[in-house]
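Okay, so here's the structure we're looking at.
Nothing in this text is a laboratory measurement; each read-out follows from the coordinates by a stated rule. Being a predicted model, the structure only gives us computed values, none of them experimental. Please note: Cβ atoms are built from the backbone with ideal geometry, for glycine as well, and neighbour counts cover all protein chains shown.
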Amino acid sequence: MQLLRSVFILTHVALFSSLVAQLSVAQETPAKKPPKKVWTDDSLQHLSPPEAATDQATSSDTGNSSLPSKHYVRAKDPQWYVKQLSPLREEIAHIDRQLKDITEARKDGRGTAGAVALDQEPEGVSTDAQAVLLQKKRVVLVKKIDELESEARRNEVSPGALRSDLEPENNEVAEASDSSVASDDQEIVEAERSLREAKDDLKRLRKELDLLQRGLNLEQRDVYSNPNYLSSKTGDSRLLPIQGDIAAKDRAIQETEQKVGQFEEHLKDLKVNRPAQVRSKNTSDSEGNGPDSGLCRQTDARIACTVSEKAQERKDEGYWRKRFSEARYKIAIAENERNILQRELGVLLLQYDPNPAKAMRENVTRKEINEHQKAIEDKDREIAQLRSALADLEDELRHAGGAPGWSRE
């Protein structure tokens, strides 16, 4: 028992002594503070003022930076808004004139006649219905104008700058001269090529969307004209795939429109912030020393020899497959449009329009029927020309020594 008590006491004594030793060491070695710097007149003279140092840093950053001094932003360009608003305003003015004519016709009594004007194509059955349709169109156009003006106001564009009568007359001339001057700049040429390709893609997508919507209208006529439509679910299965394709095409068009806008801003930015030395080179080229004179100087090799490099483009497998793909795509689109025209012509020959005024006018003039028949004949000639062009392309591939497999899909 005494042994355990002595061990317990020794253990506590050892712990207490170690704790006291640690505290004494901590007190003997305090944290070292940095010595204070004493400033003298000589040391202060060697220091540069902060303003000068800041200016030097800013000037060095500006000199080393390759970014342009200003950037073109389409959302802040008043002329872009004017181009978007002008057709909308013109259409509203046309609708206002039509509404004014309808109002005056009511006052004079000419609007109460039961005759049908065969040389006009009103959408309404009567003057009242026509006025209602025109008012609805006007509301939609005014809403679009309000959205554009609100966007311009958010981008700090003054309302006075959106007036179409203040548009400078030499704007297009200046842009044309700028594009002609910048035609030899490789970067601008690439930007123009990208913009042109994006616009071609947008045109194709809109054409495909138009054909899909026309095909959907024809399918809806067939499905909804079936008396057993409500008891059968096969009609919905025919319409759903086309509706999904239309939704996907709408998204693709929106994405492509955004790309076109970005490419336009980038191209405008390049033209606005074009280096002065490149412009001077193009000016000397226009005086007779340009690429057309055959002088590819060493300093202008990248710009002056661009045309010769494009002329020597390699016609490899990718080149030929791309050309054949484009030729077949044009044939497929033309054949699809011809089939839709033929189906629409069949509908016009068999069914009457629900609008009695339009049905009576079409029964007398057969305008839409004649237009569709002419469109079908023109489309047949176009398909024949496209097939002939495809055969010529195959001959061109054979004469160039390319592999026959390059022409296949």
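For the set LYS199/LYS271; LYS144/LYS249; LYS136/LYS379; LYS330/LYS367; LYS76/LYS143, the pairs lying more than 31 angstrom apart at their alpha carbons are LYS136/LYS379. With both labels modelled 7 Å from their Cα along Cα-to-Cβ, the ARG381 to LEU349 distance reads 2.2 nm. Potential lengthening of the chain between LYS136 and ASP392 amounts to 87.0 nm, from the contour at 0.36 nm per residue minus the alpha-carbon distance. A Förster radius of 30 Å, combined with the Cβ-Cβ distance separating ASP201 from GLU368, puts the computed FRET efficiency at roughly 0.45. Computing FRET efficiency as 1/(1 + (r/R0)^6) for GLU90 and HIS399, where r is the C-beta to C-beta distance and R0 is 51 Å, gives about 0.45.
The packing ranking of peptides 333-346, 217-230, highest mean first, is 333-346, 217-230, where packing means the average number of other beta carbon atoms within 10 angstrom of each residue.
Please list, by residue number, everything in the range 369-406 whose backbone N is under 16 Å from a paramagnetic label point 7 Å out along Cα→Cβ of ARG214. Flagged as within label range: 369-383.
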